[in-house]
Amino acid sequence: MASFSLLVSTVAIAHDPERTQVTLTFARDGSFVLDVANDPNWLRTRMEPFKGDFIDRVVLWVDGREVRPSSAELILPRSEDGLATYRLRGKMPNDARSLRWYYGLVIDPYPLTINRADGRTITETIQGDAWSGTIDLSRQFVSPLRARTERALPIAALVAVFALALSARLWTGRRAGWNRNLQYHDLVLNAAPRPCGRALDVGCGTGQLARRLAERCGDIVAIDADAEVLARARAETSNTRIQFVHGDVLTYPLPDGEFDFIAAIASLHHMELTSALVRFDHLLRPGGTLVVIGLYRNRTLSDWIAAAIALPARIAFQSVRGTAVVAAPIQEPKDSLAEIQNRSKALLPGSSCRRLLHLRYALVWRKPVAEIRRVPQSPRAPSA
């Protein structure tokens, strides 16, 4: 008997590292998965003296009372030197605010990792047979109904996109095909001032926007640097109030302060950003409005997430309405959305620049009426 006591003392004092790892992962509805991993031989030795369930060896102390896991499953290691895992499952109250953790089998320090439902991760080193500190559980759980709704939301959003595309086809059937630039014509047109005497369409392409602008504005100057696409625009346009101009908007002799409205769809990224914004400022009449629907280069995680969301939407629109080919030359954007937002804020005080679907952004600026700069005017653009 004395020899057996000495053996037990020796095992308790001199032991191999326990390799304990604990991970507690929460879902939005308050359910949790608790993985307690140990060396399988060590775990078997520690569990043999106990007749109860493994659940009895852990404590989840939540807001002053114990929350017990509802199930425990032993997962054996896949390799010879792997860890065995007790996987416990249960549910926290939706209003849970704080947690203290205790594991009654260990001696050595071990890491406790908490994966919150809101994406935050909390890691604490527990000093063996000791309680954890107070762990924040607040503001991460929702009602079961809301949790189910959030899980179903991506599918519902995809269905909504298809329904929206189908509805769009019904009330916009007069338009042939769809592309990501045509998608935002209405946004541009609705931003035009009332009344609108003279408008400039920068990078007019085949003239689709210019022809619609003529329904709201008195005279339209539609400028594009591509002679071939501009010839097509002239051939497809009968409205004499639209003046098509072949040239570069940065250098063509357009009069300063001439336009009540300037629109640029998918053309700003073909120009140097600062030069273009300054040029638009000069061309715009005080009180006039600038609208840019532009492209940006993906740089951040948010950009790539937005691109992933836009893909099924684009497929939906194209499947329902067909594809309208972009006739103008295509160029990849150089500036990120953040760079465009910062530059426009500095050069066009009071402007707004927000992300849109389909890898686009909308820059809108109303030039202050008080900002009147008298500069020598260049001759009016000649008729083409």
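Read-outs: derived from the displayed coordinates by stated rules, not from any lab. What you see is a predicted model; the values in this text were computed from it and never measured. When we count neighbours, we look across all protein chains shown, and the Cβ atoms used for this are built from the backbone with ideal geometry, even at glycine.
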Checklist entry - Which whole-number percent is the relative contact order of the chain (Cα, under 8 Å, 6+ apart)? => result 13 percent
Checklist outcome for this item: Per the 1/(1 + (r/R0)^6) rule, R0 = 25 Å and r from the Cβ atoms of residue 19 and residue 65, FRET efficiency to 0.05 is 0.20
Checklist entry - Mind checking the angle between helix 2-13 and the chain's longest principal axis? C-alpha axes, 0 to 90 degrees, to the nearest 10. => result 20 degrees
Checklist entry - Using alpha-carbon pairs under 8 Å, 6+ residues apart, how would you state the relative contact order of region 61-220 in percent? => result 14 percent
Item to check | Total charge dipole magnitude, the chain, about the Cα centre, Cβ charges on Lys, Arg, Asp, Glu only, Debye to nearest 20 | outcome: 1700 debye
Checklist outcome for this item: Only helices counted: for the chain, with every DSSP H run of 4 or more residues adding -39500 (n - 2.57) and the sum spread over all residues, [θ] at 222 nm is -9000 deg cm²/dmol
Item to check | Computed E for residue 272/residue 94 - FRET, C-beta separation, R0 51 angstrom, nearest 0.05 | outcome: 0.40
Item to check | Other-chain or far-sequence residues with amide H under 5 Å of residue 128's (modelled H) | outcome: 110
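Taking 8 Å as the Cα distance limit and 6 or more residues as the minimum spacing, I'd like the relative contact order of region 47-140 as a percentage.
25 percent
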Checklist outcome for this item: For residue 288, other-chain or 5+-apart residues with amide H closer than 5 Å (H placed, Pro excluded) are 367
Checklist entry - According to the square roots a ≥ b ≥ c of the eigenvalues of the Cα gyration tensor, what is the shape class of region 182-366, taking rounded for a/c under 1.5, prolate for a/b larger than b/c otherwise, and oblate for the remainder? => result oblate
Checklist entry - So which cysteines of the chain have no other cysteine's Cβ under 4.7 Å from theirs? => result 204, 353
Next on the checklist: To make sure I understand the rule: partners must be aspartates and glutamates, Cα under 19 Å from the Cα of residue 345, and not fewer than 8 residues away in the same chain. Which ones qualify?
Outcome noted: 272, 281, 335, 371
Next on the checklist: Compute the angle between helix 144-171 and the longest alpha-carbon principal axis of the chain, please, reported from 0 to 90 degrees and rounded to the nearest 10.
Outcome noted: 20 degrees
Item to check | Inter-label distance for residue 243 and residue 308, nm, one decimal - labels placed 7 Å from Cα along Cα-to-Cβ | outcome: 5.0 nm
Checklist outcome for this item: The set of residues whose placed amide H lies less than 5 Å from the amide H of residue 31, leaving out same-chain residues fewer than 5 positions away, is 92
Next on the checklist: As I understand it, the dipole of the chain uses +1 on the Cβ of Lys and Arg and -1 on the Cβ of Asp and Glu, about the Cα centre. Which of 237, 202, 90 lies farthest toward its positive end?
Outcome noted: 237
